[in-house]
Amino acid sequence: MNVTQTLDTKGLSCPMPIVKTKKAMDTLASGDILEVLATDKGAVNDLSAWSKSSGHELLEHTEEGGVFKFYIQKG
Amino acid sequence: MIKALSAKEVAKRVVEGSMFILDVRNEGDYKDWRIEGKGIESINRPYFDLIDGVEDVLEHLPKEEVLVVCAKEGSSIMVAEMLDEAGIKDVYYLEGGMKSWSEYLMPVKLGDLKDGGSIYQFNRIGKGCLSYLVESNGEAAIIDSARTIEAYEDFAKENNLEIKHMIDTHLHADHISGGRRLSEKTGATYWLPPKDADEVTFSFAALEEGNDITIGNTKIEIQPLYTPGHTIGSTSMIVDGQFLLSGDILFVDSIGRPDLAGKAEDWVSDLRDSLYNKYNNLSKDLVVLPAHFGKISELDEKGAVSAPLGELFEKNDGLNIKNEDEFRRAVTENLPPQPNAYQEIRQTNMGKIDPTNDEQREMEIGPNRCAITE
């Protein structure tokens, strides 16, 4: 996957992962892919719901050793 | 200035007050489970749709007294501060979020026992779980304890009670029992129905008919009555000849579901026999005290859930299905979704897995869902 930018929100809890994701997304162009790293479990449901409601596409998310990785394509 | 509102204070509003709630969790979580009550009005706007501003939601909110609610607390503080800046008076956030709400236990005195002593219901309003404390002469028994045992420990300390017996009416699938942990801490005997305890990894006393339990000098009797159906071991208890602790067999508005251990078809006839024969042969004056409620409307003005057995035989649909096939369908088909993480919860209650405290909290999120109807 062609990741345009990586955002590390490890250790941050709700709402910060999404607040930072939104800010980072605002600087990207349509079609760009943002990789988000997070440790907050709530981020899983919230990031996918947020992506939907704001017109982006959550392409994939994985978990490894308590770290979630999200790949969101800007709409 | 925004203010924190504790789960205890919110519980008071649910039972006897009013509150407007802005729930900022995602739509799925809100639909699944939220704070409800007679005087509670709530709307849902996910916090991530409010990051740029709250203007769009203002017109749907009252000018004063709004409680902002989220999963843990962080997002509700963010949104509450924005509402405060936008000019709403008295903006609150739920301290500890829905996690705290799920765990709060509200003790309500139900009544006195014949020879002294009394019985309390501990209402876990956020999850719909009901547990009980029976006390007499400085001794106490706790039935269907929640995982958060501190509430009982504090209560026992304040009232100078020694906890002698921890009793579970069955192996729970919706919440992690505090029975074993509190009995280890206090030296109390932990009672479980042996038929539900085939696979448990710890020792326990057998909760069986004939093994009456007494507390205090006045000999408050707790008589076990074998009533399988929700689980194969499910055992009800008659306390002091007055109260019927029905576990997950009979609720005020519904009846227990037989499918959570994966054996719905096998247990249908047990469930029917327990309800339509065993319960039907008991005194209709017994006050039924279930282990769950489904709807907040089941709470009385004190916040307690109970009903005379005779009244349930008249009004509870689950006790009025004449035809056996129809009963089978009612308790096996179109059931609500299962409780969150119910298989892991059963394993934990058997002692087979030992999740961390945070994992246990996470597993217990959501409503209890132990009845055949929602």
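Bear in mind that the values in this text are calculations on the coordinates, not laboratory data. These numbers come from a predicted model, not from an experiment. Cβ atoms come from the backbone with ideal geometry, glycine included; neighbour counts cover every protein chain shown.
Miscellaneous remarks
- Taking one quarter of the surface of the C-alpha convex hull of segment B:173-322 gives a mean projected area of 10.2 nm².
- Segment B:244-308: C-alpha pair distances exceeding 16 Å, %: 50 percent
- Low-density loop positions, GluC sites (Glu not before Pro), segment B:305-338 - DSSP coil, at most 10 other Cβ in 10 Å: B:333
- Between segment B:42-101 and segment B:116-188, the alpha-carbon center distance in angstrom: 35 Å
- Computed from the C-beta positions of residue B:266 and residue A:8, the FRET efficiency with R₀ = 51 Å rounds to 0.50.
- Oblate is the label for segment A:31-74. Its Cα gyration tensor axes, ordered a ≥ b ≥ c, give a/c of at least 1.5 and b/c at or above a/b.
- Ellipticity estimate at 222 nm from DSSP helix runs (n ≥ 4, -39,500 (n - 2.57)) divided over chain A, nearest 500: -9000 deg cm²/dmol
- Most tightly packed first, judged by the mean number of other beta-carbon atoms within 10 Å of their residues, the peptides A:29-37, B:44-52, B:80-88 read B:44-52, B:80-88, A:29-37.
- Gyration tensor (Cα) of chain B, equivalent ellipsoid semi-axes in angstrom: 36, 23, 20
- Applying 1/(1 + (r/R0)^6) with R0 = 60 Å to the Cβ-Cβ distance of residue B:59 and residue B:212 gives a FRET efficiency near 0.45.
- Shown here: the protein assembly as shown, whose C-alpha atoms stretch 74, 46, 45 Å along the first, second and third principal axes, sorted largest to smallest.
- Chymotrypsin sites (Phe, Trp or Tyr not before Pro) restricted to segment B:198-287 and DSSP loop, no more than 13 other C-beta within 10 Å: B:202
- Peptide B:73-80 - average C-beta neighbours from other chains (10 Å radius): 3
- A full extension of the chain between residue B:295 and residue B:313 corresponds to an added length of 4.6 nm, given 0.36 nm per residue minus the alpha carbon distance.
- If R0 is 25 Å, the Cβ-Cβ spacing of residue A:28 and residue A:63 corresponds to a FRET efficiency of close to 0.55.
- At 1.002 mPa s and 20 °C, Stokes diffusion of segment B:3-100 via Kirkwood alpha-carbon radius, µm² per second: 164 µm²/s
- From helices alone, chain B scores -7000 deg cm²/dmol at 222 nm; the rule is -39500 (n - 2.57) for each run of n ≥ 4 DSSP H residues, then divide by the residue total.
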